[in-house]
Amino acid sequence: MYRLFLFVAMSSILPNWLYADLRLGVFEVDATPAIGSPLAYDPMREATLPLSCRGVVLTGEQQPIVICCVDWLGIANDSADLFRNTLAQAVNTSVNRVVVHTLHQHDAPRCDLTAAKILGEYGQAAAHYDVPFIKDVVSRAGLAAAQAAKEAQTVTSISTGVATVENVASNRRLLGPDGKVHTTRYTACKDPAIRDLPVGVIDPQLKLLAFEGTRGPIAAITFYATHPQSYYRTGGANPDFPGMARNSRQSSSGVFHLHLNGAGGNIGAGKYNDGSHENRQVLAERVAAAMKLAFDNRQTSQLESVDWSFRELVAPLAEHLNEAELTAAVADDSTPYALRGHAAEKLAFLQRTNAGIQLQVSRLRIGANQILFMPGELFVEYQLAAQHMAPDSNVMLAAYGEYGTQYIGTRVAYDQGGYETSDRATNVSPRIEGVLTEAMRDLLAASDRRLLPSDYTERTGALPKRD
């Protein structure tokens, strides 16, 4: 049993930029692997639609800030370090001012160079990771970010918008009256009886932050919490419906669009999606409609002070993580393919955490707007709590940063059962809620320091008790 305690490294809050000094550059590179490369679950047979690695570079009197998002399942451990360090060096900034997130598409690559190294000891790295491809994308992203910094345009004002996404998100964890998970409504749900069950706890709102220049908007960033799957395991790489919605909006508006997944760990489209292939376009159009509404109705405000702050913390490890057992599973040629890969990922996160390598939670504040950048496959309750912690701010949240944690539930969710808090799915203990919540409170300057993500977790449900 491994018990690590919270360590918070209080970063200094750097001086504010004057609004006239803020500039923004954008970058995008192709992140589509070659035919035959391993996707998250299957070898790649075709590129149904290209995958993207894209981001923005904010420059001013202080060191630049980089926000990057990739159409991959997750970026973990040494991979996250490599990505962030490469982007930091490219724009001459500190690595703690760089965040790299994913949209978590499933017909897309995994990215964990630590796990690849572990598997490589048994000749299995290439079966799970295309390491040269990963390093090539990182290198090209660095070059593109450097160019973006050079070509950055002056930001004259910012604008914000919000819209409700209709008939997309629903909670995956459906409880019985005993407070335990009775049914998991996965993101493609063929059973109409399960689809008809209540929506559950979600955040239906899509939020938008746009940077305006002298000739109009330079870039738009949107945030929405849901798993992005319509259907998958096709062998056809694609950005799925959130990526399609983003691409559609960028094409139709002519404005660079960066989309970030919110705290969608326990959220999916299962209530509105039976897995039919035509639903991918339907879901994309629903998200794109909200993106358009938020953009068209955005409210512009003067660019006030901008600052960046972060906290570093050590994740409390899940008690089921056992180094000897995980090492044996990786070494055993009879371990099934998927389980062998999962064991390597868990072992990678365990070893790094035991070595004292920390997670970072970051916050970008622009006037009354605050963006939290969070690790892992975070439950939506963290997003709802963050919004209520700072009710006088417009709080946006991006999850799916450092993916070594995998799922991050609320404290009470771990006792409720279900896939997301099972030994297979999560690498952190229920104590993670307290660790992350303290960092969120500090970064947001929370007006209510009593709020917990667990306050928003359903405790009972209307489903019949399991036999």
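The values are calculated or read from the model by the stated rules, or taken from the named source; none is laboratory data. Quantities reported herein were computed from a predicted structural model and do not represent experimental measurements. With ideal geometry, Cβ positions are generated from the backbone for all residues, glycine too; neighbour counts draw on all protein chains shown.
The numbered conditions (1) in contact with a Pro (Cβ under 7 Å, 6 or more places away or on another chain); (2) under 19 Å from residue 54 (Cβ atoms) are all true for residue 235 except (2).
The residues on offer are 237, 284, 290, and the sole one that is crowded, with 19+ Cβ neighbours inside 10 Å, more than 26 Å from residue 33 (Cα to Cα) and either touching a residue at least 12 places away in the same chain (Cβ under 8 Å) or of a type in the set (S, T, N, Q) (or both) is 290. With the condition kept exactly as written, say whether any residue in the stretch 330-345 is in contact with an Asp or Glu (Cβ under 9 Å, 6 or more places away or on another chain), within 22 Å of residue 22 (Cβ to Cβ) and aliphatic (A, V, I, L, M). Within the stretch 330-345 (the criterion being in contact with an Asp or Glu (Cβ under 9 Å, 6 or more places away or on another chain), within 22 Å of residue 22 (Cβ to Cβ) and aliphatic (A, V, I, L, M)), the answer is no, since none of the residues qualifies.
Yes or no, residue by residue, for (1) under 30 Å from residue 302 (Cα atoms); (2) of a type in the set (Ser, Thr, Tyr):
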{"position": "335", "(1), (2)": "no, yes"}
{"position": "339", "(1), (2)": "no, no"}
{"position": "388", "(1), (2)": "yes, no"}
{"position": "396", "(1), (2)": "yes, no"}
{"position": "414", "(1), (2)": "no, yes"}
{"position": "424", "(1), (2)": "no, no"}
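Just so you know, in the stretch 144-174 the residues that are in contact with a helix residue (DSSP H, G or I) (Cβ under 7 Å, 6 or more places away or on another chain) and among the hydrophobic types (A, V, I, L, M, F, W, C) include one that is farthest from residue 65 (Cα to Cα), and it is 168.
Which one of these is out of contact with any Asp or Glu (no Cβ under 6 Å at 6 or more places or on another chain), farther than 30 Å from residue 310 by Cα, modelled with pLDDT under 95 and surrounded by fewer than 21 Cβ atoms within 10 Å (Cβ to Cβ): 132, 177?
177
Given 455, 448, which one is touching a residue at least 60 places away in the same chain (Cβ under 8 Å), part of a loop (DSSP other than H, G, I, E, B), surrounded by fewer than 24 Cβ atoms within 10 Å (Cβ to Cβ) and out of contact with any strand residue (DSSP E or B) (no Cβ under 9 Å at 6 or more places or on another chain)? Of 455, 448, the one residue that is touching a residue at least 60 places away in the same chain (Cβ under 8 Å), part of a loop (DSSP other than H, G, I, E, B), surrounded by fewer than 24 Cβ atoms within 10 Å (Cβ to Cβ) and out of contact with any strand residue (DSSP E or B) (no Cβ under 9 Å at 6 or more places or on another chain) is 448. Residue pairs whose Cβ atoms lie under 8 Å apart, sitting 6 or more positions apart in sequence or on different chains, and linking a residue in the stretch 318-338 that is more than 21 Å from residue 127 (Cβ to Cβ) to a partner that is among the basic types (Lys, Arg) and buried (at least 17 other Cβ atoms within 10 Å of the Cβ), are 321/346.
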